[in-house]
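Report on one structure; see the data block that follows.
The values are calculated or read from the model by the stated rules, or taken from the named source; none is laboratory data. Not measured: the values here are computed from a predicted model. So basically every Cβ, Gly included, is an ideal-geometry build from the backbone, and we count neighbours across all protein chains shown. Side chains included, ligands, DNA and RNA excluded: accessible areas come from the protein's heavy atoms. Shrake-Rupley method; radii C 1.70, N 1.55, O 1.52, S 1.80 Å.
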Amino acid sequence: MASTRPRDPYEVLGVDRSADDARVKKAFRRLARELHPDVNRHDPDAEEKFKEAAEAYEILSDPERRATYDRYGHDGLRQGGFAPNFEGFGSISDLFEAFFGGGGFGGSFGAGAGAGRMGPMQGADIAVSAEVSLADAARGASVALSFEAVDRCEVCHGNGAQPGTPIVTCERCGGAGVLQAVSRSPFGQIVRQVACDVCGGEGRTPESPCERCDGRGREVRRRTLNVDVPAGIADGQRIRLSGRGHAGERGGPPGDLYVLVHVAPDERFVRDGDDLVAVLDVPAPLAALGATLPVPTLEGEEEVEVPAGTQPGDVIRLRGRGMPRLRREGRAGDLRVVVDVVVPRRLSGEQRELLERLAASLRPENLSEDGSLVAKLRRLLR
Ligand SMILES: [Zn+2]
Ligand SMILES: [Zn+2]
């Protein structure tokens with residue numbers, strides 16, 4: 001955070017200068033509750049805001065500090081040797097735990113804190129992305145992935161000991177797996193149990209740590225994996241592979257692997273749900289006469305009948321030639337071919353003469369519309 005001037009602690013807590021201790025405490029608790037990570041999961045500034053609130057509370061809850069601040073402001077406090085004391089708190093969860101005790105808000109902090117810290121811990125999830133072509137998205141495809149993941153150490157098979165050496169009781173915690181940590185806070189001294197930093201909560205450590213993984217039992221390795229992308233998948237959909245994430249700790253299960261699928265845009269088609277839409281340029285005389293013209297499909301070009309009298313915006317529908325429906329065997333969307341009638345340009349003298357003769361011969365029934373252009377647009381957009 002940028003080192004701007006600290007804010008006025010009264011302003012931070014939203015109390016006036018005559019507020020008594022009970023008011024200050026109440027204001028801080030209310031604010032802290034709002035910034036609680038279980039409530040305020042998506043505010044990236046929650047931790048900084050909480051620290052600011054805690055610092056304001058440290059000042060206003062101590063009569064001597066409060067008096068110093070009232071007379072001399074933040075500069076006076078700094079000269080008096082006051083500095084907010086948050087070291088040793090790794091995260092906002094630790095901060096809350098220190099101030100209110102583990103789960104003291106009636107909520108859990110999720111994995112990695114509280115009672116779960118010392119037991120088996122599930123490995124974290126991994127997210128990777130995979131790109132497929134539109135044709136592969138239609139057919140389904142096997143995509144090779146390569147990514148880094150935490151795995152069980154190959155040498156010690158996860159127990160952290162050099163092969164052939166014993167695992168002994170941890171000297172630091174005497175086998176308990178936990179240590180007492182004492183920290184100072186505005187609510188007085190707080191004693192917390194934290195996982196032993198030597199054995200990580202297990203109470204036992206290898207006598208000679210595995211040289212490959214430094215005794216951690218886990219190592220980062222590059223993994224390759226083929227993932228089956230199902231037919232009909234859309235851009236931005238995720239495939240979850242249970243248990244293929246990072247390895248767990250202390251016997252915990254592995255996390256999951258999420259594959260975010262990108263379907264590369266195909267310049268020949270626009271995807272509309274399960275349908276594909278393509279544009280076919282038809283020269284005006286052929287639109288009038290009718291013709292057989294090649295149209296792109298996912299399986300390659302295909303001859304399509306353009307009926308006589310085809311108008312701009314008319315749609316030729318090829319049933320079942322769109323995208324397959326995800327996980328629904330045998331059903332697929334349509335390929336909608338939208339006709340764009342191209343009017344000839346840069347005419348030669350002979351062409352001009354032919355068209356002039358055509359124009360002169362046209363009668364009202366040649367030009368009457370079956371439906372309005374607006375009605376056609378509605379059909380098209382349906
Ligand atoms: Zn190892
Ligand atoms: Zn230990």
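Could you do me a favour and compute the accessible area per residue for the stretch 259-328, 1.4 Å probe, result in Å²?
Values: 3870 Å² over 70 residues.
On a per-residue basis, the stretch 259-328 sits at 55 Å².
Cross-link partners among aspartates and glutamates for Lys26, C-alpha distance below 14 Å, same-chain residues fewer than 8 apart left out?
By straight Cα distance, Lys26 reaches Asp16, Glu34, Glu58.
Less than 15 Å Cβ to Cβ from Thr165, Lys/Arg counted +1 and Asp/Glu -1: what total charge do the surrounding residues give?
The answer is -1.
Leaving ligands and nucleic acids out of the surface, order Val279, Val168 by accessible area at 1.4 Å, largest first. Don't jump to the answer; show the numbers that get you there.
On the way: Val279 95, Val168 50 Å².
Listed by decreasing accessible area, they come as Val279, Val168.
At 1.4 Å probe size, put Thr165, Thr224 in order of accessible surface, largest to smallest.
Result of the area sort, largest leading: Thr224, Thr165.
Could you sort Arg319, Arg192 by their accessible area in this structure, using a 1.4 Å probe and putting the largest first?
Numbers: Arg319 175, Arg192 35 Å².
These residues rank, largest area first, as Arg319, Arg192.
What is the list of residues in the stretch 213-231 whose amide nitrogen lies under 18 Å from a point 7 angstrom out from the Cα of Ala144, following Cα to Cβ?
222-229
Sort 123-135, 56-68 by packing, meaning the average of other beta carbons within 10 Å per residue, with the highest value first. Let's see the in-between values first.
Numbers: 123-135: 16.2, 56-68: 18.3.
So the peptides 123-135, 56-68, ranked by packing, come out 56-68, 123-135.
Tell me which residues come under 5 Å, amide H to amide H, from Leu326 once H is placed; ignore anything under 5 positions away on its chain.
It is none; the list stays empty.
Run the 1.4 Å probe and let me know the accessible area of Glu365, rounded to the nearest 10 Å².
Estimated to the nearest 10 Å², Glu365 gives 120 Å².
For the stretch 184-329, which whole-number percentage of the solvent-accessible area (1.4 Å probe, protein heavy atoms only) is attributable to carbon and sulfur atoms? If you can, show how the numbers build up before the last one.
Working: 3850 of 8280 Å².
Its accessible area is 47 percent carbon and sulfur atoms.
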